[in-house]
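Data block below; observations after.
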Amino acid sequence: DKYSFLFVVNKNNNNQIEDLNYTFLDLTDTSLLTDFLLKTKPNYIINLVGVIDSNNLSNCLNINAELPRKIIEIILEHKLAIDNILLVGSAAEYGENTSFPIAETEELAPLNYYGLSKVIQTEFFKFYSKSLNINIARTFNVIGPFISNSLAIGAFIDKINKSENGGTIYTGSL
C-alpha cells in the first residue's frame, strides 16, 4: 500500500519543512475541522498538536485536551473509519519522579497546567479507546525543527546558534 501524508498546521504557523504537503487550518474551528476530516477521510491520525504555555490553564486545556477530544467526537459522530490514532502525550504528565527509568504505570502527578492538560488528554483517550483503536505515547525530550526555546533542548540550540565561534554558553543548573 502507498500512504500519503498530510500535515495540518495552525493557520498562524509559518514554520514549514520543504517538500511536505501542508494544509493550513484553524484547528479551533470545529466546523472547519469537521469539514476537513469528512473531506480527507484519513486512515491514521497522529496528533502532535499542543501548546506548552504552562501559565495559561484555559489555553492548555483548549488545545491539549479539548481539541483532541473534538477530533474523536467528530470521528465517532460521522462514523469515520480510522485504523489508528496516535496521541502524543508528555513526560510532564509524571511530574517530579524519583525512580528511573520511569515506568508507564507510575502515578501521574503533573506540576503545571501543561502537564495537567496532557493528563486530561490521556484520560479522554483512555475513555474513547473503548470505541476506537488509540495508542498513547508519553514522549521525553522531543527534538526537531522549530522546537520551542521554552524547552531545554530548544534553549540550548538557541544559545549555541547565538554564540560566537568558540564562545561559551551558560545553561544554569543542570
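The values are calculated or read from the model by the stated rules, or taken from the named source; none is laboratory data. Computed from a predicted model, the values in this text were never measured in an experiment. Counting neighbours? That spans all protein chains shown, and the Cβs are built from the backbone with ideal geometry, glycine included. Side chains are part of the model used for accessible areas, which takes the heavy atoms of the whole protein and leaves out ligands, DNA and RNA. Shrake-Rupley method; radii C 1.70, N 1.55, O 1.52, S 1.80 Å.
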TODO: Restrict the check to segment 102-122 and report whether at least one residue is within 30 Å of Leu32 (Cβ to Cβ), free of Cβ contacts under 8 Å to residues at least 12 places away in the same chain and not polar (S, T, N, Q).
DONE: no
Open item on the list: Every residue in segment 125-152 that is open to solvent by less than 60 Å² (accessible area, probe 1.4 Å) and of a type in the set (Val, Ile, Thr), please.
Closed with: Ile134, Thr139, Ile147
Task: Count - residues of segment 77-108 that are open to solvent by 60 Å² or more (accessible area, probe 1.4 Å) and in a helix (DSSP H, G or I) - done: 1
TODO: Write out, first by first residue and then by second, each pair whose Cβ atoms fall under 8 Å of each other, whose residues are 6+ apart or on separate chains, and whose first residue, in segment 74-87, is closer than 15 Å to Thr40 by Cβ while the second is surrounded by 12 or more Cβ atoms within 10 Å (Cβ to Cβ) and among the hydroxyl-bearing types (Ser, Thr, Tyr).
DONE: Ile74/Thr30; Ile74/Thr34; His78/Thr34; Ile82/Tyr44; Asp83/Tyr44; Ile85/Tyr44
Open item on the list: Can you go through Ile63, Ile75, Ile45, Ile52 and tell me which one is in contact with a Gly (Cβ under 8 Å, 6 or more places away or on another chain) and aliphatic (A, V, I, L, M)?
Closed with: Ile63
Open item on the list: Taking the condition of being closer than 18 Å to Phe125 by Cα and either modelled with pLDDT under 90 or polar (S, T, N, Q) (or both), how many residues in segment 52-85 meet it?
Closed with: 3
Task: Pair list, Cβ under 6 Å, 6 or more apart: segment 41-62 residue under 16 Å from Glu93 (Cα atoms) and hydroxyl-bearing (Ser, Thr, Tyr), other residue open to solvent by less than 70 Å² (accessible area, probe 1.4 Å) and at pLDDT 90 or above - done: Ser54/Asn112; Ser54/Tyr114
TODO: Tell me, yes or no, whether segment 49-72 has at least one residue that is surrounded by fewer than 13 Cβ atoms within 10 Å (Cβ to Cβ), over 12 Å from the mean Cα position of the chain (by Cα) and β-branched (Val, Ile, Thr).
DONE: no
Open item on the list: Looking for something open to solvent by 70 Å² or more (accessible area, probe 1.4 Å) and in contact with a Lys or Arg (Cβ under 8 Å, 6 or more places away or on another chain) - is there at least one such residue anywhere in segment 25-39?
Closed with: no
- [ ] Could you tell me whether Tyr22 is modelled with pLDDT under 75, at negative phi and loosely packed, with under 15 Cβ neighbours inside 10 Å?
- [x] yes
TODO: Give segment 120-151 a look and list any residue that's part of a loop (DSSP other than H, G, I, E, B) and among the polar types (S, T, N, Q), or say none.
DONE: Ser129, Ser131, Asn133, Thr139, Asn141, Ser148, Asn149, Ser150
TODO: Would you mind stating whether Thr105 is β-branched (Val, Ile, Thr), modelled with pLDDT under 90 and either under 13 Å from the mean Cα position of the chain (by Cα) or closer than 21 Å to Ile136 by Cβ (or both)?
DONE: yes
